[in-house]
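Structure, as structure tokens:
The values are calculated or read from the model by the stated rules, or taken from the named source; none is laboratory data. Remember, predicted model here, so these are calculated numbers, not experimental data. Positions of Cβ are backbone-derived with ideal geometry, glycine not excepted, and every protein chain shown enters the neighbour counts. Remember, those area values only see protein heavy atoms, side chains included, never the ligands or the DNA or RNA. Shrake-Rupley method; radii C 1.70, N 1.55, O 1.52, S 1.80 Å.
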Amino acid sequence: MNPISELLSKVKTLFPKKVIGLALSGGATFGAAHVGVLQVLEENGIRPHLVAGTSAGALIGAAYCAGIPLSEIETLFRTMNWPTLLRLSIRNSLSIFDTQPMEEFLRKKIGDIEFQELRIPFAAVACDIHTGARVILDRGALAPAIRASAAIPGLFSPVEVNGRLLVDGGIVDNLPVEQVRDMGARYVISSDVSHRGPNSKKPENLFEIMLSMIYIMQSRAALPLEDASDCYIRPQVSQYSSWGFKDVPQVMEAGRKAARLVIPQLRRQLRIR
């Protein structure tokens with residue numbers, strides 16, 4: 001039995017009816033809202049036993065499962081900038097930007113670790129750009145897996161993992177509720193920051209146009225994930241920029257606000273006093 005299976009077995013023994021899973025959606029810099037959601041959950045004594053994330057959700061989920069305090073993850077997001085994470089893709093004709101600096105950044109901030117070393121079982125979702133298959137990354141090196149899960153096609157360079165060319169998992173599974181259940185969760189909380197609506201911010205550059213296009217395609221193709229989750233959290237963030245980092249403080253607060261609204265439901269359903 002591998003280390004993750006052993007840990008999961010212990011979790012099921014300790015919490016036979018309340019194995020809590022957390023699904024974190026993609027959404028570029030909207031992912032900062034996940035930090036606010038996690039902060040409110042922890043303030044109320046609610047900590048997931050299993051986590052799965054896509055794209056930005058993979059980044060937040062991996063850092064959380066590695067044991068990095070939420071205060072540090074908040075600081076990390078507040079101080080991020082694209083020049084630190086990207087460089088123009090000169091030799092690679094498959095994307096505008098090369099995200100190798102992102103992988104180096106992740107190794108520095110989270111550690112050069114593997115999935116098996118995480119404190120909480122975690123899985124990232126990616127897409128095989130050749131076959132269109134949904135790919136679950138839950139073993140091996142962590143940093144390239146996160147980079148692959150967040151590799152927006154055309155913008156960011158694909159990442160080769162185990163012989164497969166992988167891109168952003170949001171194409172095939174932007175809110176991995178099913179994956180969390182497959183990992184053993186009996187109660188699933190999901191945080192979804194991918195929605196567009198009538199109050200969405202008007203795109204102001206090529207990158208926001210591409211991200212908006214992806215969100216619209218996801219919403220048209222997606223099943224009603226509100227019903228798939230036991231507790232669905234939807235931070236209202238579409239009025240902010242999903243590309244730049246200037247709105248990160250407001251996006252985090254939107255996550256906190258949305259999480260506070262569901263605390264009565266969580267306390268009731270999880271029997272928390």
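For the reader, a short list of remarks on this structure follows.
- Counting only strands (runs of 3 or more DSSP E) that sit wholly inside segment 1-109, those with at least 1 residues that are under 21 Å from residue 150 (Cβ atoms) and either modelled with pLDDT under 90 or open to solvent by 10 Å² or more (accessible area, probe 1.4 Å) (or both) are 95-98.
- Matching entry among 105, 115 (being aromatic (Phe, Trp, Tyr) and either under 27 Å from residue 181 (Cα atoms) or in contact (Cβ under 8 Å) with a residue 60 or more places away in the chain (or both)): 115
- In segment 146-166, the residues that are without any contact (Cβ under 8 Å) to a residue 24 or more places away in the chain reach residues that are in a loop (DSSP other than H, G, I, E, B) and open to solvent by 10 Å² or more (accessible area, probe 1.4 Å) with C-beta atoms within less than 9 angstrom, at least six apart or across chains, in these pairs: 162/140.
- Scanning segment 110-147 for residues that are assigned to a loop (DSSP other than H, G, I, E, B), among the charged types (D, E, K, R) and under 24 Å from residue 72 (Cα atoms), we see that the one that is least open to solvent (accessible area, probe 1.4 Å) is 138.
- Pair list, Cβ under 8 Å, 6 or more apart: segment 66-79 residue of a type in the set (Lys, Arg), other residue in a helix (DSSP H, G or I) and modelled with pLDDT of 90 or more: 78/248; 78/249
- Scanning segment 94-132 for residues that are over 17 Å from residue 64 (Cβ atoms) and touching a strand residue (DSSP E or B) at 6+ places or on another chain (Cβ under 7 Å) turns up 95, 96, 97, 98, 99, 101, 126, 127, 128, 129, 130.
- Qualifying residue in segment 229-238 (condition: under 30 Å from residue 97 (Cβ atoms), at pLDDT 90 or above and surrounded by fewer than 19 Cβ atoms within 10 Å (Cβ to Cβ)): yes
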